[in-house]
Amino acid sequence: MRTISSRPVPLHFQITNDLRNDIKEGKWNLGDQFPTDKQLMEQYGVSSTTVRRAISELVYEGWLERLPGKGTFVRKEHVEETLSKLTGFFEEMRKRGYKPSSKVLNVEPVELTLQTIEKIPQLSVFGRQKLYLVEKLQMMNDQPVVYLRSYWPFEYGKRLAEFDISQHGLYELAEEKLGVNLEEAEQTIAAGIAGNKEAQYLRVETGFPILIMERTLYSGGRPVELSINVYRADRYKYRVKLTRDQSNNCEGILEPPGSFSG
């Protein structure tokens, strides 16, 4: 029997936190059947009402799914990122106790032609210099979460490609191996739907809801990366801390229809 704390915290809240941590740590895989209410009652030594409240919270948060007549199943793993600090995917995953990895899809030099800029206008921030494209599928506990296209100035991208970018984040390598001081970034987030390529990589149906995050990273006042990140909307969410002190808040941008790209 697992021990419940004697602190003045509701039992169902303690059990919710305990089970949520077990899911995050990989005790069950996506799609696994979850213990029954009776098993959890015996495990924690609590009433059916307490167990149901705990499970209902996990269902509401999206961790579990109840199927009538079949039972309760592990529905998905969430990644939550706080919009307050500049971090890379690998850093964010490790901080939250997940195992990050990635599948390298493509690494190649890119000529920044007028045709390229017409297709991806955001690349105009680099002027007309030659770039390097790193295309990866970012994984959380071996499950695909983010389809990434990351553009770097040629001299940086060529050197990044010399390292194992499947097991290391690009930001970590840029700082530790290349000595690039990553200072700040501009970032936008928009809703979208998965095209054929995104759907294939993220293992969803075409038209599935996605989040598109575009980030321009700066060092010494110069752009050193433009990344276009496509997230499964059912596995990723952002948290923004708001205060009355306007200097500390993040800004939302209302764009006219059709202005988002990606």
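Filtered by the rule that a residue be part of a strand (DSSP E or B) and more than 20 Å from the chain's Cα centre (by Cα), the range 28-65 gives Gln33, Glu65.
Yes/no per residue for (1) within 20 Å of Ala185 (Cβ to Cβ); (2) touching a Leu at 6+ places or on another chain (Cβ under 8 Å); (3) buried (at least 17 other Cβ atoms within 10 Å of the Cβ); (4) assigned by TED's automatic domain parsing to the domain that holds Gly221:
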{"position": "Glu118", "(1), (2), (3), (4)": "no, no, no, yes"}
{"position": "Phe126", "(1), (2), (3), (4)": "yes, yes, yes, yes"}
{"position": "Met140", "(1), (2), (3), (4)": "no, no, yes, yes"}
{"position": "Leu160", "(1), (2), (3), (4)": "yes, yes, yes, yes"}
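Counting only residues that are crowded, with 17+ Cβ neighbours inside 10 Å and either among the β-branched types (Val, Ile, Thr) or not in a helix (DSSP H, G or I) (or both), the range 190-207 holds 3 of them. For the range 92-132, the set of residues classified as under 25 Å from Ser219 (Cα atoms) and of a type in the set (Phe, Trp, Tyr) consists of Phe126, Tyr132, listed by residue number. Tell me, which residue of the range 101-116 that is over 15 Å from the mean Cα position of the chain (by Cα) and hydroxyl-bearing (Ser, Thr, Tyr) is surrounded by the fewest Cβ atoms within 10 Å (Cβ to Cβ)? Top of the filtered list is Thr113. Just one of the listed residues (Glu175, Glu186, Glu155) is surrounded by fewer than 15 Cβ atoms within 10 Å (Cβ to Cβ) and part of a helix (DSSP H, G or I), and it is Glu155. Just checking, does the range 74-88 include any residue being assigned by TED's automatic domain parsing to the domain that holds Gln187, surrounded by 15 or more Cβ atoms within 10 Å (Cβ to Cβ), out of contact with any Asp or Glu (no Cβ under 7 Å at 6 or more places or on another chain) and at pLDDT 75 or above? Among the residues of the range 74-88, not one is assigned by TED's automatic domain parsing to the domain that holds Gln187, surrounded by 15 or more Cβ atoms within 10 Å (Cβ to Cβ), out of contact with any Asp or Glu (no Cβ under 7 Å at 6 or more places or on another chain) and at pLDDT 75 or above, which makes the answer no. Restricting the range 114-152 to residues that are β-branched (Val, Ile, Thr) and either within 30 Å of Asp22 (Cβ to Cβ) or in a strand (DSSP E or B) (or both), which is modelled with the lowest pLDDT? Per the stated criteria, the residue is Val145.
The values are calculated or read from the model by the stated rules, or taken from the named source; none is laboratory data. Note that this is a predicted model, so its numbers are computed, not measured. Don't worry about glycine lacking a Cβ; one is built from the backbone with ideal geometry, like all the others, and counts go over all protein chains shown.
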